[in-house]
Amino acid sequence: MNMHNKKMKNALNYLSRDKMSHVDMLQSIASQKSDIILATNYGVLLHDKRANLYLLSVDSKSNMNEFLDKFSSPQLLSVHQDFLADEISKRFGLSISMVCKQAVWGSSLDSSHLEYAIIQPLNIQHLDKVYALYSHKIGKKYLQKRIQSNNLFGYFENDELVAFIGLHEEGSMGMLEVKSEFRNRVIGSKLLLWLVNELIEHKKVPFSQIEIDNQTSYLLHEKLGFEFSDGFVYWLE
């Protein structure tokens, strides 16, 4: 067995012990856009080249240094244990920017939710409207990149953009926003289920990372049949 195959086997064996908590790392490997930096029976370190993001999970604090020694000045990390977040903050001077639950699609799609939905990729002419509408902290440049890579999708009524959803660089669903006057009309549900269907058709596992204080998003995913990880994902930058 060559080195690449050994790393792959070790990574999949470790991550598959808890597929729900590691869906982000498993999908990063499946995308073939990530490098396996280190994989053992007690942890995995990936570098997702799409987002220049390091993803790390280690089973215990006693094993973490072997993995943390693999990089000197990371800019963006996503880790699965709180002790990793604490140590990375101390060692590299990074701050926790988000703490999330992972929500994973685990049901068959009910296509009745998709009736009358006019959903299509957005183009650069929509950027200013999207940026003005989006209520969460995210840069305009990032939204522009998502549009230019055909990963931001709009819901239209009478040619008016009333809502949108997208895929983040590392593959999670997000950026869901509905104009205030169009809320409580299941438009958010339609968009989310539409994107779930698109991902399933491309043999991908639909998942979202929901910030722990975003109760609205959590309840929406719960209502639609998503399952949630027991642990958290800590983003540092």
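Checked against the criterion of being over 30 Å from F92 (Cα atoms), within 17 Å of the chain's Cα centre (by Cα) and among the β-branched types (V, I, T), the candidates I210, I187, I165 yield just one match: I165. Of the residues making up the range 123-173, those that are among the basic types (K, R) and farther than 23 Å from A30 by Cα are K129, K137, K140, K141. In the range 24-58, of all residues being surrounded by fewer than 20 Cβ atoms within 10 Å (Cβ to Cβ) and free of Cβ contacts under 8 Å to residues at least 24 places away in the same chain, the one that is nearest to N10 (Cα to Cα) corresponds to D35. When the range 150-181 is examined, which residues are found to be touching a residue at least 60 places away in the same chain (Cβ under 8 Å), surrounded by 20 or more Cβ atoms within 10 Å (Cβ to Cβ) and at negative phi? Passing the criteria: E170, S172.
Return yes when L143 is at pLDDT 95 or above, in a helix (DSSP H, G or I), crowded, with 16+ Cβ neighbours inside 10 Å and within 16 Å of the chain's Cα centre (by Cα) and no when it is not. The answer is yes for L143.
Six or more apart or on different chains, Cβ under 7 Å: which pairs go from a residue in the range 91-109 that's modelled with pLDDT of 95 or more to one that's hydroxyl-bearing (S, T, Y) and in a strand (DSSP E or B)? Could you list them? Qualifying pairs under 7 Å: I96/Y234; V99/Y234; A103/S208. Whenever a residue of the range 61-74 is over 16 Å from L94 (Cα atoms) and among the aromatic types (F, W, Y), it has no partner that is part of a helix (DSSP H, G or I) and modelled with pLDDT of 95 or more lying with C-beta atoms less than 8 angstrom away and at least six residues away or across chains.
Filtering the range 189-225 to residues that are modelled with pLDDT under 95 and aromatic (F, W, Y) leaves only W194.
Within the range 168-179, the set of residues being more than 26 Å from Y54 (Cα to Cα) and either at pLDDT below 95 or hydrophobic (A, V, I, L, M, F, W, C) (or both) comprises V178 only.
The values are calculated or read from the model by the stated rules, or taken from the named source; none is laboratory data. Quantities reported herein were computed from a predicted structural model and do not represent experimental measurements. When we count neighbours, we look across all protein chains shown, and the Cβ atoms used for this are built from the backbone with ideal geometry, even at glycine.
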